[in-house]
1. Name the helices (runs of 4 or more DSSP H) wholly inside segment 432-507 in which the number of residues that are farther than 28 Å from K359 by Cα and under 19 Å from the mean Cα position of the chain (by Cα) is 3 or more.
2. Being surrounded by fewer than 18 Cβ atoms within 10 Å (Cβ to Cβ) and polar (S, T, N, Q) is the filter; apply it to segment 360-387 and report the residue that is nearest to the chain's Cα centre (by Cα).
3. What are the residues in segment 21-32 that are closer than 13 Å to V74 by Cα and either of a type in the set (S, T, N, Q) or without any contact (Cβ under 8 Å) to a residue 40 or more places away in the chain (or both), if any?
4. Taking strands (runs of 3 or more DSSP E) that do not extend beyond segment 211-298, which have at least 1 residues that are exposed (fewer than 15 other Cβ atoms within 10 Å of the Cβ) and within 23 Å of the chain's Cα centre (by Cα)?
5. Looking at the structure I just gave you, is V104 in contact with a Phe, Trp or Tyr (Cβ under 7 Å, 6 or more places away or on another chain), aliphatic (A, V, I, L, M) and buried (at least 21 other Cβ atoms within 10 Å of the Cβ)?
6. Does L473 count as crowded, with 21+ Cβ neighbours inside 10 Å and closer than 18 Å to A375 by Cβ?
7. Report, by residue number, each residue of segment 137-175 that is charged (D, E, K, R), under 16 Å from H202 (Cβ atoms) and assigned to a loop (DSSP other than H, G, I, E, B).
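The values are calculated or read from the model by the stated rules, or taken from the named source; none is laboratory data. Owing to the predicted nature of the structure, the values given are computational and were not obtained by experimental measurement. Here the Cβ positions follow ideal geometry from the backbone for every residue, glycine too, while neighbour counts run over all protein chains shown.
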Amino acid sequence: MCGIAGIVELKSSPQPHLIQRMTDQLTHRGPDHGDSVSYPFQEYWMGLGHRRLSIIDLSSQANQPMEYNALTIVFNGEIYNFKALRQTLEQLGHSFKTSSDTEVLLHAFRAWGMEMIQRLNGMFAIAIFDKENHRLTLIRDRFGVKPLCYYLENGLFLFASESKVFHVHPRFKKKIERSSLARYFQYGNIPAPASIFENVSHVLPGTLVEINTLDLSLNVTQYWDPVKAYQQPTAPVGFEEAKEKTRILLQSAVAARLVSDVPVGLFLSGGYDSATTAGIVAPLVPNLKTFTVSVPDAGLNEGPKAKAIANYLSTQHMEVECSLPEALAIIPKLPTLYDEPFADSSAIPTYLVAREAVKSVKVALSADGGDELFAGYNRYLYAHRIPKALSYIHPFFLRILGSAMKGSSIGEGLLAQRMGKIGRWLENPTMENYMEAMTKLHSDKEISSYLKEDLSLSEIHHPKATTPLGQMLLMDTIGYLPNDILHKVDRATMAVGLEGREPLLDFDLMTYLASLPDRFKCDGKESKILLKSIAHDLIPPQLLQGPKKGFAIPINPWMRTHLRKPILEMVDPLFLKTQGIFNEEKVRKEVLQFLNGKASNGLFTWYYFNFQMWYRQWMH
């Protein structure tokens, strides 16, 4: 795992010191080695930089940037099938100087060109420069496990693993994209390809971008599309047959992600995803190290459950406590870790557990994607239950009920958020509007009222699947998963020089699961049916059953107490007026209502607090 950066600047003299400074901004991603190269041409100059976290072939020969036959590569990630690809290439006459997957990528690109991508099984952000043809190719993996973004404006092209790199370049213009800001306040993240900055884009998962380095023209191609998987006919298969095939695919995906020349551990939250992964990994890795986070709030503590699973599997278990002092020390670091506004509060315990894990391992498996592949979120259950219950209520009364739930102060945290989301949906209770209501904090109209500048947000078009459940799984796979979950894990692990791997995010596994009948995943009474059946063969059911908590923390009471002072400073009338972004009166009212006890405003307040921390860090 590594960090990559690059510059293409038209009609400019080479500036090797500049690409090196950009590369140095990513030292946390690759503490083992760093280097850069600079190529002068008459029309432009090209700079490529790399920071290395040594995982495969620890020798210096495997350092990057790496060159071969007029090609230069900087690469972040792991190619799990690189040994098989190497054997094929050797049969074609290629010879190798290292045992790294990086060198295999270079030879594969020379041998097969763009067709190479279809042969890759892994997580990756790749940049390959072809000096002969003046072409730079950026490639991001299918699910978006590894990040890759770029800036293009007035003869300057920059790319990097993290956008903080761009601030080093004196020609980078920091101007907030207002529509992205609105989306942030809806989702708590900024959906790709958009960025908080104008002229900055994120390469979408399963996508490659070709840049003509002579004129900086771009060609964007999607090489893998999960929509096709959810539009395939439902397979005529029985449950036991599906279970056996899924188990085999899971074992294969996990085994592939254990290839490493350094120690491998596992994040164990206590839920079915990580427990199933642990049950498969434990027999394969002697003295497997597992890591979890405990939270002092008894209602959120997964520690005892994870420990019981670890004891059953005989792993070497480490429990990290996310105490209030620990959390308060991390919160000010969030704008640096997540260099665009990001408000998933579980980033705090995720960073904590990564910081502890890196003391004893260099690679940690993280079982993300299970909810999206196996249908684990509560909203999938609600989609079965709520319409049936509401069919007995007159539409007039549904609208009244929706308005009441939207403004309700009943409950705290997740309960208040869910009531608000259901309330928005009840005002227009169609299945088309369901996922919009379940995944957005505010509607487009509502969020525009928080901002000073009038916005006309473009409509988000959602691809269609063959079933309602497939539609929801698809939307989460292309939206919430890469924009929130994978972004969170990548930044939290890479901040401490730890490689996170995602064994459940295997495209063969995902394609097969998408073909299975919905009732194998969620039937309205139970979620993750197939995965639970597999898990119960590995671990006693009594150790797994119970509500899922994940790495959750009690952020609302913390904001009302220990974070109250800085939050109040951020809604000071003079500060808001000077900043000139928000509708001062409305934002101030929302935040003060939360601080004074209105639970339904908690998530907005957390989003707002994180944005203002980011603004102070990066816009001054």
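1. Once the helices (runs of 4 or more DSSP H) in segment 432-507 are filtered for at least 3 residues that are farther than 28 Å from K359 by Cα and under 19 Å from the mean Cα position of the chain (by Cα), what remains is 468-478.
2. Residue satisfying both the conditions and the ranking: N378.
3. T23
4. 217-222
5. yes
6. Considered against the rule, which asks whether it is crowded, with 21+ Cβ neighbours inside 10 Å and closer than 18 Å to A375 by Cβ, L473 comes out as yes.
7. D141, R142, K146, E162
For every residue, the table says whether it meets (1) under 22 Å from Y44 (Cα atoms); (2) in contact with a strand residue (DSSP E or B) (Cβ under 8 Å, 6 or more places away or on another chain); (3) in contact (Cβ under 8 Å) with a residue 60 or more places away in the chain.
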| site | (1), (2), (3) |
| --- | --- |
| F124 | no, yes, no |
| K131 | yes, yes, yes |
| K146 | no, yes, yes |
| Y150 | yes, yes, no |
| E153 | yes, no, no |
| V168 | yes, no, yes |
| A182 | no, yes, yes |
